[in-house]
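Student: Pasting in a structure now, in structure tokens, and then I'll have a few things to ask.
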Amino acid sequence: MQDDRFLLNSDSAPMKKVLLLLLFSATTLLAQAQPDKRIKAINEQFRSGEQLLLEKKYKSALKAFQKVLRENPDHTASYRALGTCYELLDDYPSALSAYFNVLSRDPYFSRIIYYEIGRTYYRLGEYHSALDYFSQFAGLQNLGNENFGLGVEREHTKELEYLKELGESMLACQISVDSIQYLNVEAVYNLGDKINTDADEYFPYVSLGDELLFFTRRKNAKTDENLFISTQKDSVWTYGQAKSGFNTRFNEGMTTLIRNGRKMYFTACERDEIMGKCDIWEAKVEGKRIQKMKTVDGYLNSEFWESQASVSCDGTTLYFASNRDGGMGGTDIWMSEKEPSGEWSEPINMGPSINTADDEEAPFITTDGKTLYFSSDGHFGMGKGDIYFSKMENHRRWTKARNLGAPVNSAARELGFFLSADGKTGYFASNREGGEGGIDIYKFELPNQLMATPITYVEGHVKGKADGLPIRPATVEINGRDPIEVDERGRFFICFPANQQLSVEVEATGYRPYHGDFDIPHWENRELYTIDLLLDFNMAAFTSNESETDTLATDAASLTLPKKEEVILSRITTLSLYYDTNQKNLNLENKGRLEHFLQSLDRDNITRVEIIGFADYVGSDADNMKLSEDRARVVSDFILKRNIAVNKFFLQAKGEVDDGNAVEQNRRVDIIVHTRMVKK
């Protein structure tokens with residue numbers, strides 16, 4: 001499980017040269033104006049050791065420095081030289097002992113010795129200690145050279161080289177720490193016969209709170225792939241059920257969800273609407289209900305095969321497998337980013353750190369967006385198809401892939417990795433011996449959280465402070481990120497680093513600008529961490545000319561307009577009326593509510609009335625659009641017959657809506673009345 005990129009190899013000639021030069025730069029000889037014979041002999045012995053090091057006679061040099069220390073046990077530079085000799089001889093425990101002898105005598109003898117201690121710990125496999133000393137070396141950069149020995153100036157050139165290597169050295173330690181986590185996995189467990197059968201089950205995805213398990217099942221090579229769903233009750237998964245209304249006679253492949261669980265990306269094959277053999281599609285999700293399936297917008301799909309998507313925590317970056325032109329060979333892992341327009345950008349190949357001339361597939365990106373897991377036939381592994389991971393060093397630069405090792409990988413085939421939100425439970429598929437037959441889904445537990453950066457799933461609710469009702473539309477800006485538009489229920493979702501402050505600004509028509517700061521805690525993410533953003537009505541906002549391009553009708557030309565005032569202020573009042581299934585006319589209850597609402601208004605100063613009709617998801621899109629329009633027109637007729645003078649009267653039909661409310665709450669008409677207030 002070694003990564004050549006990060007191996008700190010003491011056998012390399014450049015490495016030895018660096019060590020030797022550092023040794024000489026740190027040399028501190030005993031000197032006096034007129035040194036006595038003893039001191040002169042010690043200095044000569046020390047120089048002899050230096051010469052032997054130059055001649056690469058490390059054992060002889062070691063004896064020379066040991067002789068110096070027998071004569072003078074406080075000769076700090078000789079301990080420094082001993083550490084170099086032991087490190088070149090691959091005796092790392094002795095090297096550490098020598099280096100710590102230096103620090104015990106003078107912790108400011110050398111700054112770069114802290115880096116060398118970190119490097120030695122790395123070679124001993126003590127990665128946490130290595131990270132500690134690499135961090136100390138970085139921290140000591142804040143201390144001026146005057147705090148250190150005379151050799152620090154001569155060390156400057158080599159210190160710059162160490163600083164250049166520091167980032168990759170620390171990353172190598174972090175990757176190795178993560179690898180050790182997998183080595184600490186005691187066993188993997190088959191999910192059992194309620195999930196696994198003699199068919200192939202693979203591509204597991206577990207929803208927020210571990211409530212639902214989505215997976216793919218295929219009976220044999222002659223049948224199509226279908227999506228199955230299982231529910232967890234009392235820590236036990238129910239029998240997997242095929243998802244009706246979603247599956248077709250063609251293949252439906254690997255699914256992935258934005259972490260709030262409301263949007264899915266999946267593979268759709270051989271349909272009339274797709275560009276290639278298989279494309280990546282999206283759908284809305286509410287619990288087990290999947291609807292509004294369509295191809296993604298933008299440049300993600302092509303005339304080639306695209307499949308097996310994995311979307312980042314907040315849905316802004318998508319990783320997938322494709323055999324499109326421009327790859328390394330076979331199927332490769334690609335990535336695409338969502339642009340402000342909502343379209344996916346031209347995909348970028350993940351490069352040779354991840355892709356090979358053989359097949360790479362089934363990517364999975366962690367919640368913090370910094371680790372990519374995938375399956376590969378091309379990297380050196382334990383069998384045909386192992387699971388690997390790569391760490392992001394910076395934007396679009398990834399480390400060389402590392403094999404997870406046993407017991408996750410085996411001599412069989414492994415694919416379709418998934419890691420839970422808390423980083424402690426892993427799922428994957430394998431056709432190893434001892435399963436239910438074919439490819440089965442397995443799980444394992446990690447003793448510690450794997451991901452280095454804890455992320456909290458944050459859902460914000462934008463509401464009116466006075467009435468607590470959702471506000472939409474509204475634009476949210478968070479910590480300098482791209483603006484977010486709230487959904488139909490005034491919600492927005494982000495993945496935010498735990499234990500940091502979230503700064504939010506909101507703009508919404510008719511409301512005062514909002515700013516709020518929230519301390520986001522470390523969260524297990526079994527449910528969303530919610531914050532409420534309560535906006536005040538903007539009672540002092542001047543009325544403005546709104547666009548009328550989205551209206552269905554304007555029917556107030558014959559109404560008498562009120563006298564124009566010098567300054568007009570606006571107040572907004574709302575009412576929602578709810579309907580039974582397929583009902584469009586006002587029943588007695590709704591007539592009474594609407595009459596009472598109109599009587600409470602300042603009828604002589606109404607400047608704008610908006611009537612917006614909605615329908616639930618039952619029925620066809622066309623029928624629901626007409627029903628929502630009919631509902632809006634009935635309400636508008638009722639209001640116009642009351643001889644209310646209105647500057648602008650707008651009707652809108654939204655048709656079918658599924659904004660997470662109960663179904664009966666989606667069968668409604670919203671009435672929004674703008675009333676002018678004369679400044680006195």
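The values are calculated or read from the model by the stated rules, or taken from the named source; none is laboratory data. No experiment lies behind these values; they were computed from the predicted model shown. All Cβ positions, even for glycine, are placed from backbone atoms using ideal geometry, and neighbour counts span all protein chains on display. Only protein heavy atoms, including side chains, enter the accessible area calculation; ligands, DNA and RNA are left aside. Shrake-Rupley method; radii C 1.70, N 1.55, O 1.52, S 1.80 Å.
Student: Here are some residues: 445, 414, 459, 488. Which one is acidic (Asp, Glu), more than 30 Å from residue 357 (Cα to Cα) and open to solvent by less than 30 Å² (accessible area, probe 1.4 Å)?
Tutor: From the options 445, 414, 459, 488, the qualifying one is 459.
Student: Could you please tell me which pairs satisfy a Cβ distance under 9 Å, a separation of 6+ or placement on different chains, a first residue in the stretch 313-337 that is free of Cβ contacts under 8 Å to residues at least 60 places away in the same chain and open to solvent by 20 Å² or more (accessible area, probe 1.4 Å), and a second residue that is β-branched (Val, Ile, Thr) and outside any strand (DSSP E or B)?
Tutor: From the stretch 313-337, the pairs are 323/331; 328/354; 328/356; 329/356; 330/356; 337/316.
Student: Going through the stretch 95-141 one residue at a time, which ones are part of a loop (DSSP other than H, G, I, E, B), aliphatic (A, V, I, L, M) and open to solvent by less than 20 Å² (accessible area, probe 1.4 Å)?
Tutor: Correct list: 112 only.
Student: Follow-up. Out of the stretch 228-253, which residues are open to solvent by less than 20 Å² (accessible area, probe 1.4 Å) and either at pLDDT below 90 or touching a helix residue (DSSP H, G or I) at 6+ places or on another chain (Cβ under 6 Å) (or both)?
Tutor: Within the stretch 228-253, 246, 252, 253 meet the criteria.
Student: Would you check if there is a residue in the stretch 163-184 being at pLDDT 90 or above and of a type in the set (Ser, Thr, Tyr)?
Tutor: Within the stretch 163-184, not a single residue is at pLDDT 90 or above and of a type in the set (Ser, Thr, Tyr).
Student: Can you find, within the stretch 525-551, the residue that is farthest from residue 419 (Cα to Cα) among those that are modelled with pLDDT of 85 or more and assigned to a loop (DSSP other than H, G, I, E, B)?
Tutor: Out of the qualifying residues, it is 536.
Student: Tally up the residues in the stretch 190-222 that are open to solvent by 10 Å² or more (accessible area, probe 1.4 Å), under 19 Å from residue 308 (Cβ atoms) and among the polar types (S, T, N, Q), please.
Tutor: Of the residues in that region, 1 qualify.
Student: Here is a further query. So, in the stretch 256-290, how many residues would count as being in a strand (DSSP E or B) and either open to solvent by less than 10 Å² (accessible area, probe 1.4 Å) or among the acidic types (Asp, Glu) (or both)?
Tutor: Of the residues in that region, 15 qualify.
Student: Find the residue count for the stretch 217-247, including only residues that are over 12 Å from residue 191 (Cβ atoms), touching a residue at least 40 places away in the same chain (Cβ under 8 Å) and among the small types (Gly, Ala, Ser).
Tutor: Count: 1.
Student: Additional query: Checking the conditions here, which among 630, 602, 616 is in contact with a strand residue (DSSP E or B) (Cβ under 9 Å, 6 or more places away or on another chain), under 19 Å from residue 652 (Cα atoms) and open to solvent by 20 Å² or more (accessible area, probe 1.4 Å)?
Tutor: 630
Student: Considering only strands (runs of 3 or more DSSP E) fully contained in the stretch 425-523, which possess at least 1 residues that are on the phi < 0 side of the Ramachandran plot and polar (S, T, N, Q)?
Tutor: 425-430, 455-464, 475-478, 500-507
Yes/no per residue for (1) touching a residue at least 40 places away in the same chain (Cβ under 8 Å); (2) in contact with a Phe, Trp or Tyr (Cβ under 7 Å, 6 or more places away or on another chain); (3) part of a strand (DSSP E or B):
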{"position": "340", "(1), (2), (3)": "yes, no, no"}
{"position": "355", "(1), (2), (3)": "no, no, no"}
{"position": "358", "(1), (2), (3)": "no, no, no"}
{"position": "362", "(1), (2), (3)": "yes, yes, yes"}
{"position": "367", "(1), (2), (3)": "yes, no, no"}
{"position": "373", "(1), (2), (3)": "yes, yes, yes"}
{"position": "387", "(1), (2), (3)": "yes, yes, yes"}
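Student: Could you please find all residues in the stretch 501-513 being among the hydroxyl-bearing types (Ser, Thr, Tyr) and either out of contact with any strand residue (DSSP E or B) (no Cβ under 8 Å at 6 or more places or on another chain) or surrounded by 18 or more Cβ atoms within 10 Å (Cβ to Cβ) (or both)?
Tutor: 509, 511
Student: Name the one entry in 151, 167 that is crowded, with 16+ Cβ neighbours inside 10 Å and not hydroxyl-bearing (Ser, Thr, Tyr).
Tutor: Result: 151 is the single residue among 151, 167 that is crowded, with 16+ Cβ neighbours inside 10 Å and not hydroxyl-bearing (Ser, Thr, Tyr).
Student: Which of (1) out of contact with any Pro (no Cβ under 8 Å at 6 or more places or on another chain); (2) open to solvent by 30 Å² or more (accessible area, probe 1.4 Å) is the odd one out, the single condition residue 516 does not satisfy?
Tutor: (2)
Student: Restricting to the stretch 51-94, name every residue that is closer than 21 Å to residue 148 by Cβ, open to solvent by 10 Å² or more (accessible area, probe 1.4 Å) and assigned to a helix (DSSP H, G or I).
Tutor: 76, 79, 82
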